[in-house]
Amino acid sequence: MGDSEATTTAPEGGIPLTLQRSRTTSAATRARSGEGLETAAIREVGRRCACFNLRRVTRAVTQLYDDFLRPTGLRVTQFSVLVALRNLEQATVNQLAEKLVVDRTTLTRNLRPLEQSGFVRTRPGLDRRVREISLTPAGIEKLHQALPRWREAQGQMRRALGRDRLERLLSDLSATLHVVRDGRE
């Protein structure tokens, strides 16, 4: 049996009570609380898991760019869609989703406010089952309005990491994307 500790308490104006607390807990209690997990292994996930750490860094970087882009009314996810469309000139939903590495449902959700704001136009393609997306003149103007704010965010990243380190990071991220994509196909 485990050690126990006696505690004496007295309710206000009452008789002192002695309570016994066990210093050890049952295996069932430890299992429910997660104590039985390999603590070192769980800590290692936080330090070494590529996905965990990429997602954490991505959220922080997204917040930084969103803060800089806020005065334009765009979020970095929307800015990225506009940039991709400008580079592609015109794309189907599938082409744009592939370029941005997002599923069609997420892309459709991200396109909706851009379309409602008049920044992108979606229309049926030659094959009526395919939708084509393009920037509108207002979308091009919004992209030009946001570009200086993006440059400020990019400048902050460059100052924080250093030019060479940022270039290595971008190169490593590009290589990682290609390796992961090639491995899945």
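What number goes with the only condition from (1) surrounded by 14 or more Cβ atoms within 10 Å (Cβ to Cβ); (2) out of contact with any Phe, Trp or Tyr (no Cβ under 6 Å at 6 or more places or on another chain); (3) in contact (Cβ under 8 Å) with a residue 60 or more places away in the chain that residue 132 does not pass?
(3)
One line per residue, one yes/no per condition, for (1) touching a Leu at 6+ places or on another chain (Cβ under 6 Å); (2) loosely packed, with under 14 Cβ neighbours inside 10 Å:
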| residue | (1), (2) |
| --- | --- |
| 94 | no, yes |
| 100 | no, no |
| 109 | no, yes |
| 120 | yes, no |
| 128 | no, yes |
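Considering only region 89-110, I want to know if a residue exists there that is closer than 22 Å to residue 72 by Cβ, of a type in the set (S, T, N, Q) and in contact with a strand residue (DSSP E or B) (Cβ under 6 Å, 6 or more places away or on another chain).
Among the residues of region 89-110, not one is closer than 22 Å to residue 72 by Cβ, of a type in the set (S, T, N, Q) and in contact with a strand residue (DSSP E or B) (Cβ under 6 Å, 6 or more places away or on another chain), which makes the answer no.
Which number in (1) closer than 29 Å to residue 184 by Cβ; (2) surrounded by fewer than 17 Cβ atoms within 10 Å (Cβ to Cβ); (3) modelled with pLDDT of 95 or more; (4) among the aliphatic types (A, V, I, L, M) marks the one condition that residue 160 misses?
If we test residue 160 against (1) closer than 29 Å to residue 184 by Cβ; (2) surrounded by fewer than 17 Cβ atoms within 10 Å (Cβ to Cβ); (3) modelled with pLDDT of 95 or more; (4) among the aliphatic types (A, V, I, L, M), just (1) comes out false.
Suppose the filter is small (Gly, Ala, Ser) and either at pLDDT 90 or above or within 30 Å of residue 145 (Cα to Cα) (or both); does residue 80 pass it?
Answer is yes for this residue.
Of these, 182, 103, 127, which one is at pLDDT below 95 and more than 20 Å from residue 54 (Cβ to Cβ)?
Result: 127 is the single residue among 182, 103, 127 that is at pLDDT below 95 and more than 20 Å from residue 54 (Cβ to Cβ).
In region 121-132, is there at least one residue being within 17 Å of residue 69 (Cβ to Cβ) and not acidic (Asp, Glu)?
no
Among residues belonging to region 112-124 that are in a helix (DSSP H, G or I) and either modelled with pLDDT under 95 or among the charged types (D, E, K, R) (or both), point out the one that is nearest to residue 178 (Cα to Cα).
112
Could you give every pair whose Cβ atoms fall below 7 Å, whose first residue belongs to region 44-55 and is surrounded by 11 or more Cβ atoms within 10 Å (Cβ to Cβ), and whose second residue is modelled with pLDDT of 90 or more, counting only separations of at least 6 or pairs across chains?
Every condition considered, the pairs that remain are 45/52.
Would you say residue 45 is touching a strand residue (DSSP E or B) at 6+ places or on another chain (Cβ under 8 Å) and closer than 22 Å to residue 176 by Cα?
In short, no.
The values are calculated or read from the model by the stated rules, or taken from the named source; none is laboratory data. Given the structure is predicted, the values throughout are model-derived calculations rather than measurements. Backbone-built Cβ (ideal geometry, glycine too); neighbour counts: all protein chains shown.
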